[in-house]
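**Q** I'd like to ask you about the structure that follows.
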Amino acid sequence: MPQRTAARVAYVNARLLDPASGLDASGALLTDGEAIAEFGPHLFANGVPGGIEVVDCDGLCLAPGLVDMRVQLREPGEEHKETLKTGGEAAVAGGITSMVCLPNTHPVIDDVATLEFVARRARKIGLAKVYPYAAATKGLAGKELAEMGMLAEAGALAFTDGTQAIRDAQVMRRALAYAATFGLLIVQHPEEPALAEGGLMNEGEMATRLGLAGIPAAAEAILLERDIRLVELGGARYHAAHVSTAAGLEVIRAAKKRGLAVTCDTAPPYFALNELAVGDYRTFAKLSPPLRSETDRQAVAEAVADGTVDAIASDHAPQDQDSKRLPFAHAAFGGAGLETLLAVSLELHHNRRMSMLDVLRRLTCAPADILGLPAGRLQKGAAADLVIFDPDRAWKVVADAFYGKSKNSPFDGRPVQGVVMRTVVDGRTVYLHA
Amino acid sequence: MTQSVFPHRHLLGIQGLTPQHITMLLDLADGYVEQNRAADKKKALLRGRTVINLFYESSTRTRTSFELAGKRLGADVINMQVSASSVNKGETLIDTAMTLTAMHPDVLVVRHSDSGAVQLLSQKVDCAVINAGDGSHEHPTQALLDALTIRRRKGRLSGLLVAICGDVLHSRVARSNIHLLNIMGAQVRVVAPRTLVPATMSRLGVEVFHDMREGLKGCDIIMMLRVQNERMRGNFIPSIREYFHFFGLDYEKLGQAKADALIMHPGPMNRGVEIDSDLADDYERSVIREQVEMGVAVRMACLEVLARNYTGGTA
């Protein structure tokens, strides 16, 4: 799929969207090699000079490629679920040009060798750029600090124990303090582990009717409260992943009001679905954290709109059939999300909660800024990582047609709007809509 | 020789001492350095006096240093390694103190793993007490011997820029040195990962650095602290190699300090953990052995002034 880099490409007749600068205007963009050379409303007003390849965008949106700050790529260790290649293909089909992968591989990304393996493999594949998180504690065991300083020097963007919270408050305190030594970010899965243990879905009427063990919404707020008190002790930067409850968002809101260096993201399922999606024991709707109540769903959508939620991530968690075609209690948590990230996020625009630029901000420059990535904005000299999409075109999610290896989408069958037409990484077109 | 006018009965810490008292102790110790280098090292100054080394925590160099200091002044010195005796039999700290008091010592030299334990003991005995290290609180004779080493090399303490690097959180050596150097007008920095330096450390009058290269910039003196192995297993620090990479003193990081910067270490050293092995042996830069020599002289001075103040008995 990766193509040779054309010397210069002019993307004309585009709706240029750059949330970082607030640009929303029709115009053109020129890439030269791997970088953005020029863009603006008046570029090529008198036609494109010869020797430049021309791509006519037909008035569609041209935006910075999406930055997805939470994906699981399963390589090394679980290549039957996803690989860096299939994950890369799914990402670019979803308009994603940079993604940050969790360290919960086998072996765990808690040493420089594994970190460099993942980064080097992804670079060779040449699809969406892959930046690894590294483990905050050795082996994700929640006990001993990982070598954060050396891992950061080797390219780890931030530190997290992935899909599990750092349970011990003392370990968490020291992880925050140690990370702060080097100005590093800790990303937490905010769920009180003891309260979540054994839980299968959101605690409430639905769980009671289905006879499934519940995870109370309070599990999120309790851990967030604890962590934010610890942040206050140590002054580290803290990011809460996939916040899913109204109570949790209140904690984040209050922390931000106090001026703490706290950010958070959520994932499309938490503002587009609620616990009813579990329906008749649908294991594709078994997510971690679980799909919550309708009140929580609305609170999440509201918080994305008002900026309490800084970023939207796909929370891509590919699971093969053998992990999902099981009784609900035994099925694995997680949903595939790369290829539906943009379309489901655009619902927030189509239902008039947010402007197009605000939705894109949560998907581009906001996550890039949290992670210190030079990505997610249209900028002269920056890498030409771009997405061209039709924001209004309707389609139906058909998980079986996904590029990704696993098809476990909680959105399977959902009618959505917004189609990725072309994805460009470092000036190369890496995806073209068929 | 200058008559001692040390107004304290005990030496429990550096905190509370004046620049005059510290200078007086250092001057006195300076004189003993020569005596210790002579063939006849013994004086009769404390003849008839009894010094008891009461060590609740194992120690080789400090205990030996005090023992030699006492003997060279002519005192009778008894070593008690308490962990092996009374504590095992369940005697409390205060009961031990009462027992020892009944034996009429003149000076008790006490080391204890609990901060404040030496002070508690000093309130219960008649004789003079020297703190030979209590928990993470103070180790005043170490700070004095460090000061003497610096003063003999640099000619002064005031105006020097000193970086104390390593496990400041648990270090009594760091605390005593911070107090002493501040009292004497030096400028003190501490350099450590955030897990090993309390956030409130700056209130003690130091500038806190988490980047060693930054922290060493322009320093006259670099004091390395020992990092206990049990703190290297992921609870405070991820690993020895990561610690050495960022906070171990090597020639490259040393390049940030002044060209004539001195390297100090209270011992025992962990070679390859907090200090590069070659650097530790570099006679041009490292004064680690000299510190040990100054230790005996400083302890002689401390024993002398306290024994003078405590007249003992009924005589």
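The values are calculated or read from the model by the stated rules, or taken from the named source; none is laboratory data. What you are looking at is a predicted structure, and each value in this text was computed from that prediction instead of being measured. A quick note on method: Cβ atoms are made from the backbone with ideal geometry, for glycine too, and the neighbour counts reach across all protein chains shown. Surface areas here come from the heavy atoms of the whole protein model, side chains and all, with no ligands, DNA or RNA. Shrake-Rupley method; radii C 1.70, N 1.55, O 1.52, S 1.80 Å.
**Q** Could you tell me whether any residue of segment B:270-287 is within 26 Å of B:His139 (Cα to Cα), within 14 Å of another protein chain (Cβ to nearest Cβ) and open to solvent by 10 Å² or more (accessible area, probe 1.4 Å)?
**A** No - not one qualifying residue is present in segment B:270-287.
**Q** Filter segment A:162-178 down to the residues that are within 8 Å of another protein chain (Cβ to nearest Cβ) and among the hydroxyl-bearing types (Ser, Thr, Tyr) and list them by number.
**A** Of everything in segment A:162-178, just one residue is within 8 Å of another protein chain (Cβ to nearest Cβ) and among the hydroxyl-bearing types (Ser, Thr, Tyr), namely A:Tyr178.
A quick yes/no check of all residues on (1) open to solvent by 30 Å² or more (accessible area, probe 1.4 Å); (2) basic (Lys, Arg); (3) not in a helix (DSSP H, G or I):
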{"site": "A:Gly155", "(1), (2), (3)": "yes, no, yes"}
{"site": "A:Gln164", "(1), (2), (3)": "yes, no, yes"}
{"site": "A:Arg167", "(1), (2), (3)": "yes, yes, yes"}
{"site": "A:Gln170", "(1), (2), (3)": "yes, no, no"}
{"site": "A:Arg173", "(1), (2), (3)": "yes, yes, no"}
{"site": "A:Ala177", "(1), (2), (3)": "no, no, no"}
{"site": "A:Val187", "(1), (2), (3)": "no, no, yes"}
{"site": "A:Glu191", "(1), (2), (3)": "no, no, yes"}
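**Q** Going by the structure shown, is B:Ile263 open to solvent by less than 10 Å² (accessible area, probe 1.4 Å), away from chain A (no Cβ under 14 Å) and either farther than 24 Å from B:Glu138 by Cβ or without any contact (Cβ under 8 Å) to a residue 60 or more places away in the chain (or both)?
**A** Judged against the criteria, B:Ile263 is a match.
**Q** I'd like to check something: does segment B:298-309 contain any residue that is of a type in the set (Gly, Ala, Ser), in contact (Cβ under 8 Å) with a residue 24 or more places away in the chain, touching an Asp or Glu at 6+ places or on another chain (Cβ under 6 Å) and assigned to a helix (DSSP H, G or I)? Full working, then the answer.
**A** Step one: list which residues in segment B:298-309 are of a type in the set (Gly, Ala, Ser), which gives B:301, B:307.
Then keep just the ones that are in contact (Cβ under 8 Å) with a residue 24 or more places away in the chain; that gives B:301, B:307.
This time we only want the ones that are touching an Asp or Glu at 6+ places or on another chain (Cβ under 6 Å), so: B:307.
Cutting the leftovers down to assigned to a helix (DSSP H, G or I) gives us B:307.
Scanning segment B:298-309 turns up at least one residue that is of a type in the set (Gly, Ala, Ser), in contact (Cβ under 8 Å) with a residue 24 or more places away in the chain, touching an Asp or Glu at 6+ places or on another chain (Cβ under 6 Å) and assigned to a helix (DSSP H, G or I).
**Q** Follow-up. Might you let me know whether segment A:380-393 holds any residue that is in contact (Cβ under 8 Å) with a residue 24 or more places away in the chain and more than 23 Å from A:Gly22 (Cβ to Cβ)?
**A** Yes; the residues of segment A:380-393 include at least one that is in contact (Cβ under 8 Å) with a residue 24 or more places away in the chain and more than 23 Å from A:Gly22 (Cβ to Cβ).
**Q** Further, regarding this structure: Please specify each residue of segment A:247-287 satisfying the condition of being open to solvent by 10 Å² or more (accessible area, probe 1.4 Å), closer than 19 Å to A:Asp369 by Cβ and among the hydrophobic types (A, V, I, L, M, F, W, C).
**A** Those that are open to solvent by 10 Å² or more (accessible area, probe 1.4 Å), closer than 19 Å to A:Asp369 by Cβ and among the hydrophobic types (A, V, I, L, M, F, W, C): A:Leu260, A:Ala261.
**Q** Given the structure, is A:Ile228 more than 14 Å from chain B (Cβ to nearest Cβ), in a helix (DSSP H, G or I), open to solvent by 20 Å² or more (accessible area, probe 1.4 Å) and within 19 Å of A:Val262 (Cβ to Cβ)?
**A** For A:Ile228, the condition - more than 14 Å from chain B (Cβ to nearest Cβ), in a helix (DSSP H, G or I), open to solvent by 20 Å² or more (accessible area, probe 1.4 Å) and within 19 Å of A:Val262 (Cβ to Cβ) - is not met.
**Q** Taking the condition of being over 20 Å from the mean Cα position of the chain (by Cα) and of a type in the set (A, V, I, L, M), how many residues in segment A:225-245 meet it?
**A** The initial filter retains those residues of segment A:225-245 that are over 20 Å from the mean Cα position of the chain (by Cα), namely A:225-236.
Next, only the ones that are of a type in the set (A, V, I, L, M) stay: A:228, A:230-231, A:233, A:236.
Here the count works out to 5.
For (1) open to solvent by 10 Å² or more (accessible area, probe 1.4 Å); (2) away from chain B (no Cβ under 14 Å); (3) without any contact (Cβ under 8 Å) to a residue 12 or more places away in the chain; (4) more than 30 Å from A:Val419 (Cα to Cα), each residue gets a yes or a no:
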position	(1), (2), (3), (4)
A:Leu102	no, yes, no, no
A:Glu116	yes, yes, no, yes
A:Lys124	yes, yes, yes, no
A:Tyr133	no, yes, no, no
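**Q** Restricting the search to segment A:179-191, which residues are at the interface with chain B (Cβ under 9 Å from one of its Cβ atoms) and touching a Gly at 6+ places or on another chain (Cβ under 8 Å)? Outline the logic, then answer.
**A** Initially, segment A:179-191 is screened for residues at the interface with chain B (Cβ under 9 Å from one of its Cβ atoms), giving A:179-183.
Listed by number, the residues that qualify are A:Ala180, A:Thr181, A:Phe182.
**Q** Just to confirm my filter: which helices (runs of 4 or more DSSP H) fall fully inside segment A:301-382 and include at least 2 residues that are over 30 Å from A:Leu210 (Cα atoms) and either open to solvent by 30 Å² or more (accessible area, probe 1.4 Å) or at pLDDT below 95 (or both)? Can you show your working first?
**A** Numbers: elements: A:321-324, A:341-350, A:356-363, A:365-371.
So the answer is A:341-350, A:356-363.
**Q** Say whether the condition of being surrounded by 20 or more Cβ atoms within 10 Å (Cβ to Cβ), in contact (Cβ under 8 Å) with a residue 12 or more places away in the chain, within 11 Å of chain A (Cβ to nearest Cβ) and in a loop (DSSP other than H, G, I, E, B) is met by at least one residue in segment B:212-219.
**A** Taking segment B:212-219 and keeping what is surrounded by 20 or more Cβ atoms within 10 Å (Cβ to Cβ), we get B:212, B:215-216, B:219.
Filter once more, so that each one left must be in contact (Cβ under 8 Å) with a residue 12 or more places away in the chain: B:212, B:215-216, B:219.
Right, trim to within 11 Å of chain A (Cβ to nearest Cβ) and you get B:212.
Among the residues that remain, those that are also in a loop (DSSP other than H, G, I, E, B) are: none.
No - not one qualifying residue is present in segment B:212-219.
**Q** Please go through segment B:233-257 and pick out each residue that is within 17 Å of A:Leu176 (Cα to Cα), hydrophobic (A, V, I, L, M, F, W, C) and open to solvent by 10 Å² or more (accessible area, probe 1.4 Å).
**A** Answer for segment B:233-257, where residues must be within 17 Å of A:Leu176 (Cα to Cα), hydrophobic (A, V, I, L, M, F, W, C) and open to solvent by 10 Å² or more (accessible area, probe 1.4 Å): just B:Phe236.
**Q** Right, another one. Could you figure out which of (1) among the basic types (Lys, Arg); (2) modelled with pLDDT of 95 or more; (3) exposed (fewer than 15 other Cβ atoms within 10 Å of the Cβ) isn't true of B:Lys71?
**A** In the conditions (1) among the basic types (Lys, Arg); (2) modelled with pLDDT of 95 or more; (3) exposed (fewer than 15 other Cβ atoms within 10 Å of the Cβ), B:Lys71 misses (3) alone.
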